[in-house]
Amino acid sequence: MKHFLSIDQGTTSSRAVVFNNNLESVSSSQEEYDLTYPKNGWVEVDPKNILDTVMRSIDNLNINENLTIESCGITNQRETTILWEKESGSPIYPGIVWQDRRTIDFCMDLKELGHEPTIRKKTGLMLDPYFSATKIKWILDNVPGSRERAANGEIMFGTVDSYLIYNLTKEKNHLTDITNASRTSLFNIEKEEWDGELLKLFDIPIQMLPRVCDCDADFGTISVGSQEVKITGVIGDQQSALVGQRCFSSGQMKSTFGTGCFLMVNTKDNILYVKEGLLSTVGYKLRGETSYAIEGSIYSCGNIVKWLRDKMQFFDEVSESEEMIKLKKELSTTFFLPGFNGLGAPYWDSNVRGGYYGITQDTSKEDMVTAAFQSICFQVKDIIAILESYGISSNELKVDGGMIANNTFCQLLANTINRKIQSPKNIESTALGACIVAMIGSGDEREFNSASIEKSFNEDKEHTAFLNDGYLLWKDYINKSLK
């Protein structure tokens with residue numbers, strides 16, 4: 001039986017998983033690391049911690065010569081921006097994480113100058129600090145000498161995949177895949193190339209950019225124990241989950257509940273622009289064919305649960321939150337604004353911050369926990385409503401990510417969005433997607449059929465009406481907070 005290594009590099013941890021060619025997990029290892037928050041709205045990471053945790057997670061698998069690895073796939077947090085020296089591979093500044101909002105003023109200036117429509121048309125993205133371009137510019141503007149060095153080819157840019165490829169491959173390849181490139185605000189998703197007009201707008205030298213490859217290309221060779229293993233698949237984490245959930249047909253959608261929440265729907269060869277704040281992006285490029293997708297990006301999800309546990313101390317273990325969520329047959333009166341780092345789709349407001357509304361002396365911890373979980377469900381409802389207005393609808397939503405282990409949350413989600421929720425046996429679809437891409441890149445010609453479903457949740461109509469009324473009150477609270 002063949003085996004494949006999947007590297008799943010996330011926002012706060014790195015995982016390595018060995019799958020067999022039946023897509024069954026054989027072994028896995030995970031290493032966590034910390035983010036830093038130097039100023040309000042700033043989120044940074046030490047790139048060396050990312051690299052070290054990836055290497056340790058691979059080493060901890062203890063792969064020996066008795067288990068041959070056919071090839072490796074990499075999936076990664078997108079938009080997070082790293083600049084490093086070509087000679088040494090060492091970063092010149094901490095990685096600026098996708099959640100970081102420090103470039104909001106520059107984005108506003110570009111909007112006032114009327115550049116957003118051009119950026120939107122070429123890249124499918126909003127003009128927002130979320131994406132890599134303004135992060136690159138900020139580093140070049142604030143690290144002395146870096147712009148000149150970048151123009152001379154001495155400084156390289158990459159999202160996390162590129163940084164890992166450069167530092168792990170014996171060839172020192174400076175490459176990225178098309179899905180990660182499509183999240184930089186520098187890549188023309190129709191022409192599938194770096195865009196000269198955008199590079200000029202953001203004042204970024206093309207010499208520092210990686211070469212863009214298909215997801216199933218040959219990205220170089222890494223050492224796994226005593227073995228030399230080809231990287232034959234690279235794909236951004238949310239697109240990887242789309243593949244892992246086998247959303248290969250137009251209209252199929254999935255939602256991943258990790259640090260953030262990302263709902264993505266496959267639109268195949270149709271680049272669909274949604275003016276209400278959803279993103280057009282590359283879903284994947286496999287076997288020479290590009291599939292596009294629409295994405296709704298929610299900034300805060302799993303980090304809300306972590307905040308409830310660590311800062312508010314409402315529970316000791318995340319699993320305890322399952323018992324605290326109230327599936328109420330009554331109208332909600334306490335609401336949560338999940339704006340730790342602003343709000344993503346469809347609001348795209350970097351300045352708003354989190355808060356509770358409707359707290360009285362009778363409000364309990366359970367009420368506040370329930371309101372926080374409801375806010376996640378309500379944001380998903382926001383996105384689905386927009387998709388429906390464009391004729392994109394599905395009776396079910398495929399879900400994955402760590403939060404899906406919480407059955408009460410899954411039921412709350414089903415009740416809120418009035419759809420069946422389906423969770424696969426392997427809820428870590430990002431790692432699985434990277435494995436599938438690597439298998440395709442290694443020459444596997446099979447058609448990867450639908451994922452095995454572990455559990456399903458149907459809507460409870462007795463709760464749905466109350467939740468819909470609560471959603472309208474929550475929406476009113478959000479809109480007033482944005483003014």
Q | In region 1-18, residue modelled with the lowest pLDDT [restricted to those that are over 17 Å from the mean Cα position of the chain (by Cα) and surrounded by fewer than 21 Cβ atoms within 10 Å (Cβ to Cβ)] | A | Met1
Q) Just a yes or no: is a residue in region 51-58 of a type in the set (Lys, Arg) and in a helix (DSSP H, G or I)? A) yes
Q) Where residues in region 93-123 are touching a helix residue (DSSP H, G or I) at 6+ places or on another chain (Cβ under 8 Å), in contact (Cβ under 8 Å) with a residue 60 or more places away in the chain and surrounded by fewer than 21 Cβ atoms within 10 Å (Cβ to Cβ), which of them is nearest to Ser280 (Cα to Cα)? A) Lys122
Q: Could you please let me know if Leu272 is assigned to a strand (DSSP E or B), hydrophobic (A, V, I, L, M, F, W, C) and over 23 Å from Met439 (Cβ atoms)?
A: no
Q: For Lys420, state whether it is touching a Phe, Trp or Tyr at 6+ places or on another chain (Cβ under 9 Å) and among the charged types (D, E, K, R).
A: yes
Q) With respect to the numbered conditions (1) touching an Asp or Glu at 6+ places or on another chain (Cβ under 6 Å); (2) loosely packed, with under 11 Cβ neighbours inside 10 Å, which one is the sole condition not fulfilled by Lys480? A) (1)
Q) Before we move on, is Phe335 under 30 Å from Glu295 (Cβ atoms) and at pLDDT 85 or above? A) yes
Q.
For the structure I just gave you, tell me whether Thr281 is part of a loop (DSSP other than H, G, I, E, B) and either within 18 Å of Ser6 (Cα to Cα) or under 20 Å from the mean Cα position of the chain (by Cα) (or both).
A. no
**Q.** Selected residue (criterion: farthest from Glu462 (Cα to Cα)) from residues of region 289-330 that are part of a loop (DSSP other than H, G, I, E, B) and of a type in the set (Phe, Trp, Tyr)
**A.** Tyr299
Q: Report those helices (runs of 4 or more DSSP H) wholly inside region 154-263 carrying at least 2 residues which are free of Cβ contacts under 8 Å to residues at least 12 places away in the same chain.
A: 196-202
Q: Spot the failing condition for Asn21; the list is (1) at pLDDT 95 or above; (2) closer than 23 Å to Arg446 by Cβ, and only one is missed.
A: (1)
Q: Find the strands (runs of 3 or more DSSP E) located wholly in region 336-430 whose residues include 2 or more that are in contact with a helix residue (DSSP H, G or I) (Cβ under 9 Å, 6 or more places away or on another chain), charged (D, E, K, R) and over 20 Å from Phe466 (Cβ atoms), and list them.
A: 396-400
**Q.** Scope region 406-458; condition within 30 Å of Asp214 (Cα to Cα), among the charged types (D, E, K, R) and touching a residue at least 40 places away in the same chain (Cβ under 8 Å); matching residues
**A.** Glu428, Asp444
Q: Within region 104-117, identify whether any single residue is of a type in the set (Val, Ile, Thr) and touching a Gly at 6+ places or on another chain (Cβ under 8 Å), and answer yes or no.
A: yes
Q. Quick check: is even one residue across region 106-117 in contact with a Phe, Trp or Tyr (Cβ under 6 Å, 6 or more places away or on another chain) and at pLDDT 95 or above?
A. no
Q: Take the residues in region 197-245 that are surrounded by fewer than 19 Cβ atoms within 10 Å (Cβ to Cβ) and of a type in the set (Asp, Glu), then tell me which one is farthest from the chain's Cα centre (by Cα).
A: Glu228
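The values are calculated or read from the model by the stated rules, or taken from the named source; none is laboratory data. As the structure is a prediction and not an experimental result, all values here were calculated from the model. Because the Cβ atoms are built from the backbone with ideal geometry, glycine has one as well, and the counts that use them run over all protein chains shown.
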